Amino acid sequence: MPECSFRPAVPGDETLLLDFIRALARYEQMEDQVTATPDILREWIFRRQKAEVIFPVVEGKEVGYALFFHNFSTFHGKAGLYLEDLFILPAFRGRGYGRALLEEVARVAVERGCPRLEWACLDWNRPSIDFYTKRMGATPLADWTLYRLTGEALRQAGNSPNRAGI
C-alpha cells in the first residue's frame with residue numbers, strides 16, 4: 001500500500017471537495033439532493049469556519065475526504081467532533097486509507113480533548129457498518145433516533161409566532 005498523508009482543505013479546494021461530495025452522493029443514491037456549490041462551500045467552510053475537511057493524499061493525489069465539525073456534550077461539558085462525511089474513491093478502497101482517515105479524525109478529536117467522535121451511517125450500508133463496528137470498534141447507539149427538520153417544516157418552526165413564548 002502506498003503511503004498516505006493528510007492535508008487540510010484550504011480556500012481553492014471547493015471544486016475538489018464538491019466533486020467528492022457528489023461522488024459520495026452517487027454512492028448513497030442521493031445525488032439529486034446535492035445543492036452545494038463552490039461558493040456555498042467557500043462561505044460556510046472557509047469564511048464562517050463551520051466545518052473542517054481533511055484530504056488523504058496518496059502519491060500526490062487526494063483520494064477522499066473527511067468533513068467534520070464540533071458538537072457539544074452537556075454531560076461532559078466539552079465539545080466533541082461530529083463526522084458528517086467519510087469517503088474514499090472506489091479505486092482506493094480496501095487498502096486501509098479509510099481506516100487511516102478515520103484514525104486521523106480521531107487523532108484530531110483526542111488532540112483537542114474531545115470526549116467523543118460521532119457519526120451516522122445509512123442502515124443499508126453494510127460494508128460501512130461492518131467497517132465501523134468490526135474493524136474500528138465503534139458502537140451503534142440503539143436507544144437514540146436521529147431527527148431532522150428541513151424545508152418547509154424548518155421554515156415553519158423558525159417563523160412560528162410562538163417561538164418567543166406561549
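Taking 26 Å as the straight-line reach from the Cα of Lys50, the lysines in range (excluding those fewer than 8 positions away in the same chain) are Lys61, Lys78.
Would you mind giving the three semi-axes, in whole Å and largest first, of the ellipsoid equivalent to segment 68-117 according to its Cα gyration tensor?
26, 10, 6
In the elastic network of the chain, a GNM with C-alpha springs shorter than 10 Å, the most mobile of Leu154, Leu122, Leu89 is Leu154.
For the residues Glu118, Glu62, Glu43, a GNM of the chain with alpha-carbon springs under 10 Å puts the largest fluctuation on Glu43.
Computed across segment 4-164, the Kirkwood radius stands at 17.4 Å (inverse of mean 1/r, all Cα pairs).
In a shell of Cβ-Cβ distance under 13 Å around Pro140, excluding Pro140 itself, what net charge do Lys and Arg (+1) and Asp and Glu (-1) give? The answer is -2.
Segment 104-163 and segment 14-66 have Cα centres spaced 18 Å apart. Counting neighbouring Cβ atoms within 10 Å and putting the fewest first, the residues Val10, Val108 line up as Val10, Val108. Normalising the Debye intensity of segment 1-74 to I(0), with uniform scatterers on Cα atoms only, and taking log10 at q = 0.14, 0.17 Å⁻¹ returns -0.49, -0.71.
Across segment 85-166 the C-alpha pair distances fall into 5 Å bins from zero in the proportions 3, 10, 16, 18, 14, 11, 10, 8, 6, 2, 1, 0 percent. Stretching Ala91 away from Trp124 to a fully extended chain increases their span by 9.8 nm, per 0.36 nm per residue minus the current alpha-carbon distance. Residues whose amide H comes within less than 5 Å of that of Asp85, counting only those at least five positions distant or on another chain, are Leu67 (H built at 1.01 Å from N in the peptide plane).
Each value in this text was obtained by applying a stated rule to the coordinates, not by laboratory testing. As the structure is a computational prediction, the values presented were derived from the model and not from experiment. Cβ coordinates were reconstructed from backbone atoms using ideal geometry, including for glycine residues, and neighbour counts include every protein chain displayed.
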